[in-house]
Amino acid sequence: MAVSTTLGTTSTAGRATRRLVVPRPAAARALRRTGVLLGSLVVLVALWEWGARAYGVPLLFPGPLAVAEAFADNLADGTLVDAVGASLTRIAAGFLVGSLAGVLLGLLLGGSRIAAGLAAPLVTFFRFVPPLAWFGPVLVWFGTGETAKILLIVYTSVFVVALNTIEGTTKVPRDMVRMAGVAGASWWQRTTWVTLPASVPYIAAGARVAMGNAFMTVVSAEMLGASAGLGVMVNNGMTSTNVPDASPRSSCSAPSASSPTGCSCSCSTRSASGSAAWAPPTSPDPPAAPPDRRP
Amino acid sequence: MTVPPTTSAAPLLQVRDVSYSYRSSLPPVMEHVDLSIRSGEFFVLLGPSGCGKTTILNQVAGFERPTAGEMLVAGERITAPGPDRAVVFQGHESLLGWLTVRQNVEFPLKVAGVGTAERRRRGQHVLELVELAHQADKLPHELSGGMKQRVQIARGLVTDSRMLLMDEPFGALDAQTRASLQLELSSIWERERRTVLFITHDISEAVILADRVGVMSAGPRAYLHSVVDVDLPRPRRRGPELNALVDRLEATVTAAKARRPVADLTEAA
Amino acid sequence: MSAPALPSPITSPRVGRALLGVGGVALAVVVWQAAATVTANPLVLPAPTEVAVALGELVADPATRPQVVDTLRRAVVGFALGAFAGLLVGAAIGSFRPVRTVLNPYLNFLRMVAPIAWIVPATIWLGVGEPSILFVVVYAALFPVAINTISGIAAVEPDKLRMARAVGSSPAGTFVRILVPNAVPYVMAGARLALGLSFMAVIGAEMIIGQSGLGFVIYSARTFSDTATMFAGILVLGVVGYLFDASFLALRRVFLEKYYAGREVR
């Protein structure tokens, strides 16, 4: 039996050796993969630039050079750093609070079959209500401050982590739980010493998904109403193109946010902070650049 | 193509001076293994963990290639897996969980493009052979470990392969199931007379099943220590005669592990 | 914990679970009503009854019903297109090493980009309207399916592939007969995830550029401080999502159960 295990783990190394005798096949493979990646990147960027030039309207379809220029501009005047900082702070806060709450909720629901049964339809219900749908109520309840945005991120994190934690608690080997019972552990001891550690891989998987959700939510939350962040940058970029058809809703989205301290001021603070690129409609800046290529 | 020496019992499988190492910087797992298996023979390769016996089977199957030396089936060099060499794996992961027992057994015929009716007929035949006809419409996960291995044996027998390669097929089973499957396999083999290469580290299993037993030394640099004839009538049930042979084979295995020759009972490899 | 409630042979565990679920929903409604009574301000927290009225208007009124239909159509069409594309991309990346080497880094980069962030380039390229919304939904649905298809193909046990080679199966035959069926549970898990993400994407897109749909309704309601309608929209989303998920699982159970036989994958 040991034979087959050894075979399984080393056979790839064996195959690599036969192909080409190199001291470290893994390193060679990584090198080759990087080469392919770089090569394909060059081709892709060239195609992009070519497409942009063929299209001929840099305002609508900027080439990579224009995007790089915008990137450099925004980096130089601090816009990008501020935006990234604001977004990341929200993500971190919301993600941490949401994940912690998710683990607690998951342990609670996973530990009691009755609680799980009561909550099951509600959890699925909330899973399908996107955080953005809560945007209105949350603004009414908490105003336009940071709390509202962070809460939305908490909301996107909490259910994923909770569901995965429940999954983890159901996968704890039964004998482990029995052992704890035999040893006389209380519910609390069993949960913290056995169930929780045994569920860590599932919790981690859920947290990873939650992190992705947090990134998605922060962008859209900021697009709908915030004074700083990557989403705001995207939105401002869109607004300032003044392409009439491109953004009828989002250009009005900031003022119409029915919030006195809303986001309309954000544009002015931004342009006041130095970068003229965001304000004038004739700016050569390529606002349509996929904003997400920046971080 | 080298022509094998023509004898009345021409070897079906020839292993010629085969060595294998995982990496050129490591000492070979085994070296200079010479072996020939006659057509219709039940050959058991016996050896401790890490001696490369599974590697030899994988090379005969064509999953891996020897680092040096060559292997021939019916005079043709083995370069890739092929339907002339059916394989029974140790675990049951090779069974397709979404197919019924019958569909699993008929799978090799389906790949070969055999028509439905003929597939049915031959599938039914081997299912009856392994006494699984009444379970034919179940899914593999509904079967016990022993039954799963019988499905694999049926799948191995369903084609007209030249050889059946079995890699410790009973290694994961409980002692009772193993004992009954050994006898069952023995009687199936007597009816079908398929050439078998069977890997195991269980000495009594080797004695119960084999016409000849190849005893490997311990690795690294394992070699084929000796080949022992088992000349007992089948079915071979446990008794004084069989036990005596098991004892003597055990002495050979001990000597092989220590890499020293045994005068008694062995023809040097 | 498990002993007291349902020892009767008539109440099967499934019935018991359903009853518990109904109880949970009822409890939530009671809590909601209590909170609304305490708040006593329909603008901040409308009572269930008020939301029910708004819901009736939203769903029953022929003038507003198309909003719901629009959203569902976009979500379903986008999900179907995206899942299909994800399946193709995932199968190509999962089965061919050269494709994997070239495309995998891009896949991993692009899947980290929020689908909604593409709404801006999408509107500029495709205009404000259906194509842009659909683009975002397709984008949202594609990646979970693609990623899971790749994992599903990678998760095949080596012995299955060896067996296929040993019986002389061609690469195409192995793909169809082994890799695809083996990946089914993974693909379905990805598709289930993608369904949820499609809802998110369609709502976000409608809120930002939509001229119709639930997202649009929720957004407009916010402008008019019509909290009850916001809640009605949320209710529709959650309930429809729940029904979709349930029917998804039911279809899976009816048609694909054998691919789950004896396996750990959800």
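Each value in this text was obtained by applying a stated rule to the coordinates, not by laboratory testing. Treat the numbers as computed from the prediction; the structure is a model and nothing was measured. Note that each Cβ is placed from the backbone with ideal geometry, even for glycine, and that neighbours are counted across all protein chains shown.
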Sorted largest first, the C-alpha extents of segment A:85-134 along its principal axes in whole angstrom are 43, 23, 9
Computed on Cα atoms, the radius of gyration and Dmax of segment C:154-266 in angstrom are 21.2, 69
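Direction-averaged shadow area of the convex hull around the Cα atoms of chain B, nm²? If you can, show how the numbers build up before the last one.
Numbers: hull surface 60.1 nm².
One quarter of the hull surface, i.e. the mean projection, equals 15.0 nm².
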Any aspartates and glutamates whose Cα falls less than 12 Å from that of C:Lys160, other than same-chain ones fewer than 8 residues away, would be B:Glu93
Expressed in angstrom and rounded, the centroid-to-centroid distance over alpha carbons for segment C:144-188 and segment A:167-202 is 35 Å
Treating every alpha carbon of segment C:66-260 as one equal point scatterer without solvent, the Debye formula yields log10 I(q)/I(0) values at q = 0.11, 0.16, 0.18 Å⁻¹ of -0.57, -1.00, -1.16
In vacuo Debye sum over C-alpha of segment A:103-202, base-10 log of normalised intensity I(q)/I(0) at q = 0.14, 0.19, 0.21 Å⁻¹, listed in q order, is -0.62, -0.90, -1.01
The Cα extents of segment B:16-162 along the principal axes, largest first and rounded to whole Å, are 50, 31, 25
Expressed to two decimals, segment C:51-148 has a Cα Rg over Rh, using the Kirkwood radius, of 1.13
Nearest 10, in degrees from 0 to 90: the angle of helix C:48-60 to the longest Cα principal axis of chain C is 60 degrees
Here the longest stretch of chain B that holds no trypsin sites (Lys or Arg not before Pro) in a DSSP loop having at most 16 other beta carbon atoms within 10 Å is B:24-137
If each part is reduced to its alpha-carbon centroid, segment C:84-106 and segment B:172-189 end up apart, in Å, by 45 Å
Excluding residues fewer than 8 positions from A:Lys171 in its own chain, the aspartates and glutamates with Cα under 17 Å of it are C:Glu264
Taking C:Asp70, B:Asp84 and counting other beta carbon atoms within 10 angstrom, the fewest-first order is B:Asp84, C:Asp70
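If you average the sequence gap of Cα pairs under 8 Å that are 6 or more apart and divide by the length of segment A:83-204, what percent do you get for the contact order? Could the numbers behind the result be given before it?
Details: 115 pairs, mean separation 44.2, N = 122.
Normalised by residue count, the contact order of segment A:83-204 is 36 percent.
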Between the Cα axis of helix C:13-39 and the main Cα principal axis of chain C, the angle (0 to 90°, nearest 10) is 40 degrees
